[in-house]
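Asks: Take a look at this one; I'll ask things after.
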Amino acid sequence: MGEKEEERFGELCEIALKEGAKIAKVIPASKVVIDERVRLKCEVPRCSAYNHYFTCPPRTMSIETFSRMLSLYKWCLLVQVEADVDSSNKAEGRIDSSVIENAQRLHRPFRLKLLSVVEAVEAAAFKKGMRFATGLTGGSCVLCEKCVEDKSLDACRFPFRARPAMEGVGIDVFQTTQNAGLAIHLSSSKDVIWTGLILLE
């Protein structure tokens, strides 16, 4: 990364940190990993968000389409928000709906913070002339307690705020963060790290 890019992207990192990100790091877009198996995990086993949100499969763009779009970008900014909640398995047997609902309730404030970070960076990048800056979040949409019932007739209540889930377009968040020298914790006693991505020019 040249001096000009460092200066331009440095300001975006500062904005992310000011908005509440624990970490903000610019990486080459080539380090973002696409793996069709990530999209497979949306359906097997079936994620509770599948077909329930405009921002999740099968209502998001295909992996092929997103891969083409990603290839047009040179840089991206990874942002991470730390949740004051661990990810250890709380279920005594199979994970049931009560465990999922409780986790969603506990994580919602942190996921809203992540969305705010992504929105702020995306808007700032646009104002700096990066007109194709595009943000994605981790996990399903958290803007509404319940998405609209009839998605074929009803419009999204927050069309300018809702962002696709990174996983829903096939991004291997785990490998991508590792490529960036960052970490996320799965099924551990460490605090959960929520990761977002802003595609830059």
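Asks: Please compute P(r) over all alpha-carbon pairs of region 1-44, binned at 10 Å starting from zero, and give each bin as a whole-number percent.
Replies: With a bin width of 10 Å, the distribution comes to 23, 33, 26, 17, 2.
Asks: Please rank Leu112, Leu186, fewest neighbouring Cβ atoms within 10 Å first, as an exposure proxy. Intermediate results must be reported in sequence, preceding the final value.
Replies: Details: Leu112 15, Leu186 9.
Ordered from fewest to most neighbouring Cβ atoms within 10 Å, Leu112, Leu186 come out as Leu186, Leu112.
Asks: A further question on this structure: Are there trypsin sites (Lys or Arg not before Pro) in region 90-157 that DSSP marks as loop and that have at most 16 other Cβ atoms within 10 Å, and which are they?
Replies: Working: sites: Lys90, Arg94, Arg105, Arg111, Lys113, Lys127, Lys128, Arg131, Lys146, Lys151, Arg157; in loops: Lys90, Arg94, Lys128, Arg131, Lys146, Lys151, Arg157.
For trypsin sites (Lys or Arg not before Pro) across region 90-157 that sit outside H, G, I, E and B with at most 16 neighbouring Cβ atoms in 10 Å, the list reads Lys90, Arg94, Lys128, Arg131, Lys146, Lys151, Arg157.
Asks: Let me ask you something else. Of all GluC sites (Glu not before Pro) in region 89-158, which ones are in loop regions per DSSP and have a Cβ with at most 14 other Cβ atoms within 10 Å? Each step should come with its number before you reach the end.
Replies: Details: sites: Glu92, Glu101, Glu119, Glu122, Glu145, Glu149; in loops: Glu92, Glu145, Glu149.
Those that pass, being in a loop and sparsely packed, are Glu92, Glu145, Glu149.
Asks: While we're looking at this one, here's another question. Can you sort Thr55, Thr65 by how many other beta carbons sit within 10 Å, fewest first?
Replies: Details: Thr55 23, Thr65 12.
Exposure proxy ranking, most exposed first: Thr65, Thr55.
Asks: Over region 3-200, what is the mean sequence separation of C-alpha contacts under 8 Å (at least six apart), divided by residue count, expressed as relative contact order in percent?
Replies: Working: 326 pairs, mean separation 70.7, N = 198.
Worked out over region 3-200, it gives 36 percent.
Asks: Between Glu149 and Gln178, what is the label-to-label distance in nm when each label sits 7 Å out along the Cα-to-Cβ direction?
Replies: About 4.5 nm, to one decimal.
Asks: Here is a further query. Can you compute the helix-only [θ] at 222 nm over the chain? Use -39500 (n - 2.57) per DSSP H run of at least 4 residues, normalise by all residues, nearest 500 deg cm²/dmol. Walk me through the numbers before you get to the answer.
Replies: Numbers: 5 runs with 67 residues, N = 201.
Dividing the helical sum by the residues of the chain leaves -10500 deg cm²/dmol.
Asks: What are the principal axis extents of the Cα atoms in the chain, in Å, biggest first?
Replies: That gives 53, 42, 29 Å along the principal axes, largest extent first.
Asks: Continuing with the same structure: Placing +1 on the Cβ of each Lys and Arg and -1 on the Cβ of each Asp and Glu in the chain, which of Ala183, Gly168, Ile15 has its Cα farthest towards the positive end of the resulting dipole?
Replies: Gly168
Asks: Under a point-charge model restricted to the Cβ atoms of Lys and Arg (+1) and Asp and Glu (-1), what is the dipole moment magnitude of region 1-159 relative to its Cα centre, in debye to the nearest 20?
Replies: Working: 25 positive and 23 negative charges, 49 e Å.
Taking the Cα centre of region 1-159 as origin, the dipole is about 240 debye.
Asks: Here's a follow-up. Give me the one-decimal Kirkwood hydrodynamic radius in Å for region 1-111, with the sum taken over alpha-carbon pairs.
Replies: Numbers: mean 1/r = 0.0586 Å⁻¹.
About 17.1 Å for region 1-111.
Asks: Under 19 Å Cα to Cα from Lys4, which lysines show up? Leave out anything in the same chain fewer than 8 places away.
Replies: Cα-Cα hits under 19 Å: Lys25, Lys74, Lys127, Lys128.
Asks: Report, ordered by chain and residue number, the aspartates and glutamates lying within cross-link reach of Lys190, taken as a straight Cα distance under 12 Å and ignoring same-chain residues fewer than 8 apart.
Replies: Cα-Cα hits under 12 Å: Glu82, Asp84, Asp86.
No lab work stands behind these numbers, since they all come straight from the coordinates. Worth saying up front: this structure is predicted, and the values here are computed from it rather than measured. Positions of Cβ are generated from backbone atoms using ideal geometry, with glycine treated the same way; all protein chains shown enter the neighbour counts.
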